[in-house]
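A.B. asks: Following this message is one structure expressed as C-alpha cells.
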2 protein chains.
Amino acid sequence: MTPPPRGFPEAEFQARTARAQSLMAEAGIDALLLTTEPEIRYYTGFLTRFWESPTRVWFVIVPAKGKPVAVIPSIGAHLMGQTWVQDIRTWQAPDYADDGVGLLAATLQELTPAKGTIGLADQMESHVRMPLAHLRRLERSIGARRIMGDATITRRLRQVKSTTEIAKITHAVTIGTSAFDRVPEIAREGVALSQVFRDFQRLCLEEGADWVPYLAGAAAPGGYGDVISPADDAPLRAGDVMMLDTGLIWDGYFCDFDRNFSLGPPSIAVAEGHAQLIEATQAGFAAAKPGARMCDVFHAMNDIVDPGRGGSDAGRLGHGLGMQLTEWPSLIAADTTLLEEGMVLTLEPGVTLPGGKIMVHEENIVIEAQGARYLTRPQGAEMVVI
Amino acid sequence: MTPPPRGFPEAEFQARTARAQSLMAEAGIDALLLTTEPEIRYYTGFLTRFWESPTRVWFVIVPAKGKPVAVIPSIGAHLMGQTWVQDIRTWQAPDYADDGVGLLAATLQELTPAKGTIGLADQMESHVRMPLAHLRRLERSIGARRIMGDATITRRLRQVKSTTEIAKITHAVTIGTSAFDRVPEIAREGVALSQVFRDFQRLCLEEGADWVPYLAGAAAPGGYGDVISPADDAPLRAGDVMMLDTGLIWDGYFCDFDRNFSLGPPSIAVAEGHAQLIEATQAGFAAAKPGARMCDVFHAMNDIVDPGRGGSDAGRLGHGLGMQLTEWPSLIAADTTLLEEGMVLTLEPGVTLPGGKIMVHEENIVIEAQGARYLTRPQGAEMVVI
C-alpha cells in the first residue's frame with residue numbers, strides 16, 4: 001500500500017479559512033480565537049506531538065479577512081513558520097508574569113473593530129485550552145461582552161471531510177487492518193493481555209502507523225465488563241473473548257475500529273451476540289445515506305441490539321472520525337444532523353449478553369452520493385477464532 | 001528488570017485526599033472540582049486512555065471530608081467502580097440537553113454548605129476540561145461567586161512524588177534507557193527519520209512501555225532547527241545529528257529524556273556543543289539540592305549554555321515530571337520554588353551552534369535528602385557515533 005502524500009496543498013487551508021470567514025460574517029463574529037490542537041491544526045496545518053505537554057498555551061486567530069494569525073510560544077515559531085501562516089507573534093514561554101495574554105489581547109484589538117466580537121468554541125466536545133484565570137484576564141482586558149461562542153463554525157466545517165482528508169483516514173484504516181490480520185501472531189492462551197496490547201501497538205507501527213494514541217480492549221470469558229480499561233497482566237485463557245479497539249494515526253488522521261477474537265470456539269451466547277453486532281452494523285450501513293439523520297442510523301442499529309430501549313451505558317452507537325479519535329456528531333436518538341457526502345463515521349453497536357457482560361463491534365465508513373462505503377474491511381458474522 | 005507492582009495501595013489515595021482537604025481548609029475552599037485527566041487520576045486512580053476522546057466530560061469532587069465523589073458518564077462506571085471511590089453518580093453521555101451539568105450542580109449543592117466555595121484549577125498549566133457554555137451554566141445554577149481558583153492545591157501536592165510514584169517513573173526511565181541502547185539497530189545512513197521514529201516506538205514497547213504518547217526529534221547536519229517537529233521521510237545522511245526525545249508511559253507515569261547521535265564522526269562544533277550540554281547538565285545536577293530554588297538550578301545551567309542572557313526560544317531548561325510528560329515547576333529565572341525531597345525533574349539544557357542550529361540534551365533526576373540522584377544513566381561528554 002503506497003501512502004498518500006503527506007500534508008495538504010495550501011489551497012485546502014485557504015478554502016477552510018474562507019468557509020469559516022463566510023460563516024463568521026453570517027454569525028456576526030469578527031474573529032475566531034482557537035486554543036486547542038485540532039482547531040489550530042485545521043486552519044494552519046501545525047502538526048506536533050508537543051501538545052502532550054500542558055505547559056505552553058497556543059493561540060491562533062482567524063480574522064474576518066486574510067490568513068490566520070498565530071500568537072504562540074517561541075519554541076513553536078520554527079515549526080509554525082513551515083505552515084502557510086505568515087503573521088507569527090511569539091513570546092518566551094513559560095512566562096509567569098503574563099504568558100501571552102497581553103500579546104493575545106493586543107493582537108485581538110488590532111485585528112478586530114473596537115467593539116468587535118470574538119468567537120470561542122464553547123459547545124459540547126470543546127474546551128478552552130488556557131488557564132481559567134487567564135481567560136478572565138483576557139475578558140477584563142478587551143471586554144467580557146466581546147467574547148462569545150463560535151456558533152459551532154469549526155465543528156460544522158470539520159464534520160465534512162475533503163478528499164485529501166479521506167485519503168489519510170483511509171490509509172490509517174488500511175494500517176489498522178494489516179495489524180488486526182496479524183493478531184494471531186501475538187495472541188494465544190497464556191499470553192498476558194498487557195503483552196498483547198504492547199505487541200499490537202508494535203504491529204501498528206510495523207504496518208506504518210506514525211503513532212498509536214489509543215488502544216483499549218479487554219479479554220474475559222463470555223464477554224467483557226467495559227471498553228475503556230487499560231490491559232491487565234492476566235494471561236489469556238480458552239473461552240476468553242478478546243477485543244482490541246485501536247485509534248492509530250497516520251499524518252495526523254485517525255482510524256477507530258475494533259475486532260473481537262475468541263480463544264477457542266465461542267459459546268453460543270457469544271457467537272449469537274457477535275452475529276447480532278454484525279447485523280446491526282450492516283443495518284446502520286444501509287441507513288447511512290445523504291439526507292438521512294444521525295438518529296435514523298442510530299435507530300436502525302439500536303432496533304437490533306437493544307430494541308425498545310434508549311441505548312446502552314456506552315451512550316451512543318458511533319460517531320464522527322478524523323483529526324480526533326472521536327468527533328462530532330454522535331449516533332444517538334437526539335442527534336438530528338443530516339448525513340452528507342464526505343462525512344466519515346464509525347458504526348459501533350454494543351450488545352449486553354446473558355450475565356451482564358458486553359460486546360462491541362466497530363467499523364469505519366464514509367458517506368458518498370449513493371450511500372455509505374466501508375473504509376474498513378467489514379467483519380463477517382462469524383468470530384475470528386484463535 | 002522486574003517491574004514494580006501496578007497501582008497504588010488505597011492508603012496513598014487517602015493520604016493525597018487528606019492533604020488536599022487540609023490545604024482546602026486553610027484556603028477556605030469547601031470542595032475541589034476536578035475536570036482533567038491528571039487531576040482526576042491523582043485522587044482516584046482512574047487510569048484509562050479513553051481521555052483521547054473529547055466527547056465525554058468527567059467530574060470528580062473532593063469534598064471537605066470523606067472520599068472523592070465521581071460524577072461521570074455511565075460508560076466509565078465499571079472502571080471507576082474498581083477504584084477506591086464509592087459514591088459514583090452517572091448519566092448516559094453524550095446528552096445534548098444537559099450532559100451532566102444538572103447532576104454536577106446538584107451534587108455540588110449537596111456536598112457543600114449553602115454559600116460554600118468550589119475550587120477549580122485556574123493557574124498556569126491548567127485548563128477546565130468542559131465546554132465553556134456548560135461552565136457558565138454551572139455558574140448560573142449554583143452562583144458564579146461560589147466558583148473560585150483552587151489555590152494551586154493539586155499542583156502543589158503533585159509536585160512532590162511518593163516512593164511508589166518514583167518507582168513507576170524509574171521503571172519508565174529504565175525502559176527508555178533500554179530502547180536508547182538499541183538505537184544503533186534501527187538508525188543508519190539511508191533510513192528515513194520517520195522509519196526511525198516508528199522503530200524507536202517499537203523498541204520502547206518491546207522493552208516494556210505500556211504506550212508511547214510522546215516522541216519528538218530531528219536529524220540534520222550540524223544540529224537541528226527545532227525540537228517539537230514530527231519526523232519527515234528524508235533519509236539519514238553522514239554528518240547528521242539525530243536527536244530522539246521520548247515520553248513513554250509505564251502504569252500511568254512518564255519518563256522524558258533525549259539522546260543525541262552523530263551519523264559518522266561529529267564536527268568540532270557539534271562535539272563541543274554536546275560537551276557543553278553535558279557540562280550544563282552536571283552543573284544543574286550539582287545545584288539541585290533540597291533548599292535550592294528552581295532559578296538557582298536554572299542559572300547554574302544557563303551560565304554555561306547561554307551566559308549573560310535570559311534563556312533560549314525553548315523558554316526553560318527543565319521541568320517537573322510524573323503523571324504528565326511535563327509538570328510544574330519550570331527551570332526558569334522567574335521560578336523561586338524551593339526544591340524538596342521527592343521532586344522529580346528533568347534537566348534539559350539547549351545550545352545554539354554556529355549557523356543558528358540548536359542541540360538539546362535531557363536527563364531525569366529525583367531530589368533526595370543529600371542532593372540529586374540520576375534516574376537516567378547520565379550521558380558522557382562524547383556523543384554516541386553511529
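A.B. asks: Return the residues of region A:309-332 that are assigned to a loop (DSSP other than H, G, I, E, B), closer than 23 Å to A:Leu353 by Cβ and either touching a Phe, Trp or Tyr at 6+ places or on another chain (Cβ under 8 Å) or at pLDDT 95 or above (or both); say none if nothing qualifies.
C.D. replies: Result: A:Gly311, A:Arg316, A:Leu317, A:Leu331, A:Ile332.
A.B. asks: State whether the residues of region A:17-26 include one that is buried (at least 21 other Cβ atoms within 10 Å of the Cβ) and of a type outside the set (Gly, Ala, Ser).
C.D. replies: For region A:17-26, residues buried (at least 21 other Cβ atoms within 10 Å of the Cβ) and of a type outside the set (Gly, Ala, Ser): present.
A.B. asks: Are any residues in region A:42-73 under 14 Å from A:Arg129 (Cα atoms) and out of contact with any strand residue (DSSP E or B) (no Cβ under 9 Å at 6 or more places or on another chain), and if so, which ones?
C.D. replies: A:Trp51
A.B. asks: I want to confirm something. Restricting to region A:70-88 and keeping residues that are hydrophobic (A, V, I, L, M, F, W, C) and more than 12 Å from chain B (Cβ to nearest Cβ), which single residue is surrounded by the most Cβ atoms within 10 Å (Cβ to Cβ)?
C.D. replies: Filtering region A:70-88 for residues that are hydrophobic (A, V, I, L, M, F, W, C) and more than 12 Å from chain B (Cβ to nearest Cβ), the one surrounded by the most Cβ atoms within 10 Å (Cβ to Cβ) comes out as A:Ala70.
A.B. asks: (1) within 14 Å of chain A (Cβ to nearest Cβ); (2) small (Gly, Ala, Ser); (3) surrounded by fewer than 17 Cβ atoms within 10 Å (Cβ to Cβ): which one isn't true of B:Gly190, the others all being true?
C.D. replies: Unmet for B:Gly190, out of (1) within 14 Å of chain A (Cβ to nearest Cβ); (2) small (Gly, Ala, Ser); (3) surrounded by fewer than 17 Cβ atoms within 10 Å (Cβ to Cβ): (1).
A.B. asks: If you check B:His134, B:His127, which single one turns out to be in contact with a helix residue (DSSP H, G or I) (Cβ under 6 Å, 6 or more places away or on another chain) and within 12 Å of another protein chain (Cβ to nearest Cβ)?
C.D. replies: B:His134
A.B. asks: Residues to consider are B:Val297, B:Val241, B:Val270, B:Val227; find the one that is part of a strand (DSSP E or B), in the same structural domain as B:Pro329 (by TED's automatic domain parsing) and either under 30 Å from A:Asp232 (Cα atoms) or not small (Gly, Ala, Ser) (or both).
C.D. replies: Testing whether each residue is part of a strand (DSSP E or B), in the same structural domain as B:Pro329 (by TED's automatic domain parsing) and either under 30 Å from A:Asp232 (Cα atoms) or not small (Gly, Ala, Ser) (or both) leaves just B:Val241.
A.B. asks: Give the number of residues within region A:356-368 that are touching a residue at least 60 places away in the same chain (Cβ under 8 Å), assigned to a loop (DSSP other than H, G, I, E, B) and either of a type in the set (A, V, I, L, M) or within 14 Å of chain B (Cβ to nearest Cβ) (or both).
C.D. replies: So the answer is 1.
A.B. asks: Within region B:152-169, does at least one residue satisfy the condition of being in contact with a Cys (Cβ under 9 Å, 6 or more places away or on another chain), buried (at least 17 other Cβ atoms within 10 Å of the Cβ), touching a residue at least 24 places away in the same chain (Cβ under 8 Å) and in the same structural domain as B:Leu203 (by TED's automatic domain parsing)?
C.D. replies: Yes, there is a match, as at least one residue in region B:152-169 is in contact with a Cys (Cβ under 9 Å, 6 or more places away or on another chain), buried (at least 17 other Cβ atoms within 10 Å of the Cβ), touching a residue at least 24 places away in the same chain (Cβ under 8 Å) and in the same structural domain as B:Leu203 (by TED's automatic domain parsing).
A.B. asks: Just name the residue that is nearest to the other protein chains (Cβ to nearest Cβ) out of those in region B:1-34 that are touching a helix residue (DSSP H, G or I) at 6+ places or on another chain (Cβ under 7 Å) and assigned to a loop (DSSP other than H, G, I, E, B).
C.D. replies: Only one residue fits best here, namely B:Pro3.
A.B. asks: Sticking with this one: Do we have any residue at all in region A:89-104 that's away from chain B (no Cβ under 11 Å), surrounded by 18 or more Cβ atoms within 10 Å (Cβ to Cβ) and within 25 Å of the chain's Cα centre (by Cα)?
C.D. replies: no
A.B. asks: Got a number for residues in region A:105-122 being charged (D, E, K, R) and more than 32 Å from the chain's Cα centre (by Cα)?
C.D. replies: 2
A.B. asks: Pull out all pairs, ordered by first then second residue, where Cβ-Cβ is under 6 Å, the residues are six or more apart or on different chains, the first lies in region B:89-104 and is in contact (Cβ under 8 Å) with a residue 40 or more places away in the chain and among the small types (Gly, Ala, Ser), and the second is buried (at least 17 other Cβ atoms within 10 Å of the Cβ) and part of a strand (DSSP E or B).
C.D. replies: Correct list of pairs: B:Gly100/B:Trp91.
A.B. asks: On to the next question. Counting only residues that are within 11 Å of another protein chain (Cβ to nearest Cβ) and either over 30 Å from A:Pro230 (Cα atoms) or among the aliphatic types (A, V, I, L, M) (or both), how many does region B:228-247 have?
C.D. replies: The qualifying residues number 4.
A.B. asks: Would you be able to tell me the number of residues in region A:2-22 that are over 17 Å from A:Glu165 (Cα atoms) and either free of Cβ contacts under 8 Å to residues at least 12 places away in the same chain or more than 23 Å from the chain's Cα centre (by Cα) (or both)?
C.D. replies: Of the residues in that region, 3 qualify.
A.B. asks: Looking at region A:335-355, I want the residues that are at positive phi and have a partner that is assigned to a strand (DSSP E or B) with Cβ atoms under 8 Å, at least 6 apart or on another chain. Which pairs are those?
C.D. replies: Once the first residue is at positive phi and sits in region A:335-355, its partners that are assigned to a strand (DSSP E or B) give A:Gly342/A:Val366; A:Gly342/A:Ile367.
A.B. asks: Hey, does region A:186-204 have a residue that's within 24 Å of A:Thr2 (Cα to Cα) and either outside any helix (DSSP H, G or I) or outside the structural domain of A:Gly264 (by TED's automatic domain parsing) (or both)?
C.D. replies: Within region A:186-204, none of the residues are within 24 Å of A:Thr2 (Cα to Cα) and either outside any helix (DSSP H, G or I) or outside the structural domain of A:Gly264 (by TED's automatic domain parsing) (or both).
A.B. asks: Something else: Among (1) surrounded by fewer than 18 Cβ atoms within 10 Å (Cβ to Cβ); (2) within 9 Å of chain A (Cβ to nearest Cβ), where does B:Leu325 come up short?
C.D. replies: Result: B:Leu325 passes all but (1).
A.B. asks: So which residues in region A:194-225 are farther than 20 Å from B:Pro213 by Cβ and either surrounded by 23 or more Cβ atoms within 10 Å (Cβ to Cβ) or touching a Phe, Trp or Tyr at 6+ places or on another chain (Cβ under 9 Å) (or both)?
C.D. replies: A:Ala218, A:Ala219, A:Gly223, listed by residue number.
A.B. asks: I need the full set of residues from region A:35-69 which are charged (D, E, K, R) and either within 14 Å of chain B (Cβ to nearest Cβ) or under 18 Å from the mean Cα position of the chain (by Cα) (or both), in order please.
C.D. replies: A:Glu37, A:Glu39, A:Arg41, A:Arg49, A:Glu52, A:Arg56
A.B. asks: Hey, among the residues in region B:193-208 that are aliphatic (A, V, I, L, M) and more than 7 Å from chain A (Cβ to nearest Cβ), which one's nearest to the chain's Cα centre (by Cα)?
C.D. replies: Taking the candidates together, the pick is B:Leu203.
A.B. asks: Condition test on B:Ile175, is it β-branched (Val, Ile, Thr) and within 14 Å of another protein chain (Cβ to nearest Cβ)?
C.D. replies: Spelling it out, B:Ile175 is indeed β-branched (Val, Ile, Thr) and within 14 Å of another protein chain (Cβ to nearest Cβ).
A.B. asks: A:Ala300: in contact (Cβ under 8 Å) with a residue 24 or more places away in the chain and either under 30 Å from A:Lys168 (Cα atoms) or not β-branched (Val, Ile, Thr) (or both), yes or no?
C.D. replies: no
A.B. asks: Another one. Output the number of the condition that B:Arg259 fails; it satisfies all remaining conditions of (1) within 24 Å of B:Glu125 (Cα to Cα); (2) basic (Lys, Arg); (3) not in a loop (DSSP other than H, G, I, E, B).
C.D. replies: Among (1) within 24 Å of B:Glu125 (Cα to Cα); (2) basic (Lys, Arg); (3) not in a loop (DSSP other than H, G, I, E, B), B:Arg259 violates only (1).
A.B. asks: Considering only region B:170-189, state which residues are charged (D, E, K, R) and in contact (Cβ under 8 Å) with a residue 40 or more places away in the chain.
C.D. replies: Within region B:170-189, B:Arg188, B:Glu189 meet the criteria.
A.B. asks: Separate question: Select from region A:333-346 the residues that are within 8 Å of chain B (Cβ to nearest Cβ) and either assigned to a strand (DSSP E or B) or of a type outside the set (D, E, K, R) (or both) and list them in ascending order.
C.D. replies: Correct list: A:Ala334 only.
A.B. asks: Scan region A:378-385 and give yes if some residue there is in the same structural domain as A:Arg237 (by TED's automatic domain parsing), in a strand (DSSP E or B), at pLDDT 95 or above and closer than 16 Å to A:Ala287 by Cβ, otherwise no.
C.D. replies: No, there is no match, as no residue in region A:378-385 is in the same structural domain as A:Arg237 (by TED's automatic domain parsing), in a strand (DSSP E or B), at pLDDT 95 or above and closer than 16 Å to A:Ala287 by Cβ.
The values are calculated or read from the model by the stated rules, or taken from the named source; none is laboratory data. Note that this is a predicted model, so its numbers are computed, not measured. Glycine gets a Cβ as well: all are built from the backbone with ideal geometry, and neighbour counts include every protein chain shown.
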